[in-house]
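Asker: Here it is, the structure in full.
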Amino acid sequence: MKADDRLNRKNHGRRSHRADSEVPDVDIYDLTLPDEACFEPVLLSAVALPARLDYDSILAQPFSFEAHEDIGAWLAAILADSPTASRLWVEAERAGWQVGFADLKNSGSLIDIPSQTVLLDTYALSASALGRSPYFRNELLICFVRALRDIWHEQRYQALEDEFMPESLLMIERVRSADCDTAALLVGWELRGAGYTDVWRHLIGAEEGDMALVFTRFLERDPSALFDGSALAYAFRQWYADESRVDGCDHDTLEAMDDILLSYDGKVRPFGERRASVADIEALTTLPDGRCYLRGLAETILRDPFFAGLHDPVNQTHLFHLMYDMEVVMVNNVPFRDARLARLIFPGADHSRVR
């Protein structure tokens with residue numbers, strides 16, 4: 001991959017696992033989020049549906065957006081026509097999640113896990129301008145679907161870093177990210193069947209358009225592939241075919257690991273010790289209706305270098321340094337590879353081994 005290509009990382013959302021105050025002795029400057037959201041987050045259960053829910057009314061609704069509350073109502077109305085999105089919405093609603101809107105500088109969405117809030121990017125547009133733009137309103141819709149799927153995972157698996165070792169955590173986060181894009185693809189196809197063809201056209205022209213094309217081409221040859229999950233499996237595989245998607249996901253995961261290591265207190269291990277298993281992969285790729293579209297293929301995901309390899313040299317170096325930092329003994333903020341040498345230089349001091 002060219003150096004300039006590597007900088008164009010594809011990333012549609014971020015997750016915040018902890019409050020900034022949990023990082024000791026570090027000044028945090030948030031250069032992405034404004035001081036306040038444009039629209040105060042509200043519970044998903046409190047999103048008011050429009051008075052009319054017929055097809056024509058939902059199509060016309062974006063052209064009458066006056067406030068960000070109207071965007072939330074439109075999202076609720078249109079996603080009700082997708083069985084998959086409806087189940088994801090209900091799951092997040094029962095767990096007490098909120099949705100809000102803010103200018104996230106083209107980040108797509110931000111999932112604040114401690115406050116159970118999803119912030120959607122307004123792309124610096126007013127509600128009325130957002131409604132009149134087919135591209136931005138459909139992009140917001142797809143980002144929200146990805147966020148709902150990510151919330152689905154979060155409700156079931158929560159802090160994966162406490163369970164998996166770093167190498168497996170990289171793999172799990174790849175599967176999670178690929179599954180969120182695959183779930184968004186499925187919702188877009190369901191909305192296409194409900195008459196909202198502009199959503200599907202948006203997906204074809206988006207960065208995940210290669211996944212959408214593989215999905216439709218496979219369905220053309222075998223229409224039943226939608227029901228047994230094989231079409232989704234092919235779309236999932238295509239996610240890994242784009243190196244910038246994989247490298248971008250790895251980069252974000254490694255940055256999150258750095259934050260975890262930075263907040264390490266020396267009392268408990270910063271990461272788990274379990275390796276990813278077939279059951280873990282299948283659990284992450286199980287749809288809300290109970291179907292697992294990677295059933296029987298999870299072993300390949302774990303073993304095949306196409307899925308499990310770490311090819312980006314910068315990410316390789318990042319992981320190497322992360323593993324190196326985890327093996328040291330910290331004494332008075334000085335790292336030692338040899339515990340005996342640390343005791344000789346600092347006798348009686350508190351020795352904390354990271355791993």
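The values are calculated or read from the model by the stated rules, or taken from the named source; none is laboratory data. The shown structure was predicted, so the numbers you read here are calculated from the model rather than taken from an experiment. Heads up, the Cβs are rebuilt from the backbone with ideal geometry, glycines too, and the neighbour counts pull from every protein chain shown.
Asker: Please go through the stretch 107-116 and pick out each residue that is over 17 Å from residue 68 (Cα atoms) and not charged (D, E, K, R).
Answerer: 107, 111, 113, 114, 115, 116
Asker: Further question: Working only within the stretch 91-128, note down all residues that are among the hydroxyl-bearing types (Ser, Thr, Tyr), assigned to a loop (DSSP other than H, G, I, E, B) and touching a strand residue (DSSP E or B) at 6+ places or on another chain (Cβ under 7 Å).
Answerer: Hits for the stretch 91-128 are 107, 122.
Asker: Residue 341 fails exactly one of the following numbered conditions: (1) more than 17 Å from residue 258 (Cα to Cα); (2) outside the structural domain of residue 159 (by TED's automatic domain parsing); (3) modelled with pLDDT of 90 or more. What is the number of that condition?
Answerer: So the condition that residue 341 fails would be (3).
Asker: Do you know which residues across the stretch 206-234 are assigned to a loop (DSSP other than H, G, I, E, B) and touching a Leu at 6+ places or on another chain (Cβ under 9 Å)?
Answerer: Passing the criteria: 208, 229.
Asker: Mind checking which pairs have a first residue in the stretch 270-288 that is closer than 29 Å to residue 90 by Cβ and a second that is surrounded by fewer than 16 Cβ atoms within 10 Å (Cβ to Cβ) and of a type in the set (Ser, Thr, Tyr), Cβ under 9 Å, 6 or more apart or different chains?
Answerer: Close Cβ pairs satisfying both conditions: 280/157; 283/157; 284/157.
Asker: Of all residues being among the polar types (S, T, N, Q) and under 19 Å from residue 174 (Cα atoms) in the stretch 108-160, which is surrounded by the fewest Cβ atoms within 10 Å (Cβ to Cβ)? Just the residue, please.
Answerer: Looking at residues that are among the polar types (S, T, N, Q) and under 19 Å from residue 174 (Cα atoms), I get 158.
Asker: Being in contact with an Asp or Glu (Cβ under 6 Å, 6 or more places away or on another chain) and farther than 23 Å from residue 80 by Cβ is the filter here, so list the residues in the stretch 108-152 that pass it.
Answerer: 124
Asker: The conditions are (1) modelled with pLDDT under 95; (2) closer than 23 Å to residue 201 by Cβ, and residue 275 fails exactly one of them. Which is it?
Answerer: Only one criterion is unmet by residue 275, namely (2).
Asker: Return the only residue of 255, 207, 273 being within 17 Å of the chain's Cα centre (by Cα) and exposed (fewer than 13 other Cβ atoms within 10 Å of the Cβ).
Answerer: Unique residue meeting the criteria: 255.
Asker: What number goes with the only condition from (1) at pLDDT below 95; (2) under 26 Å from residue 136 (Cβ atoms) that residue 200 does not pass?
Answerer: For residue 200, the exception is condition (1).
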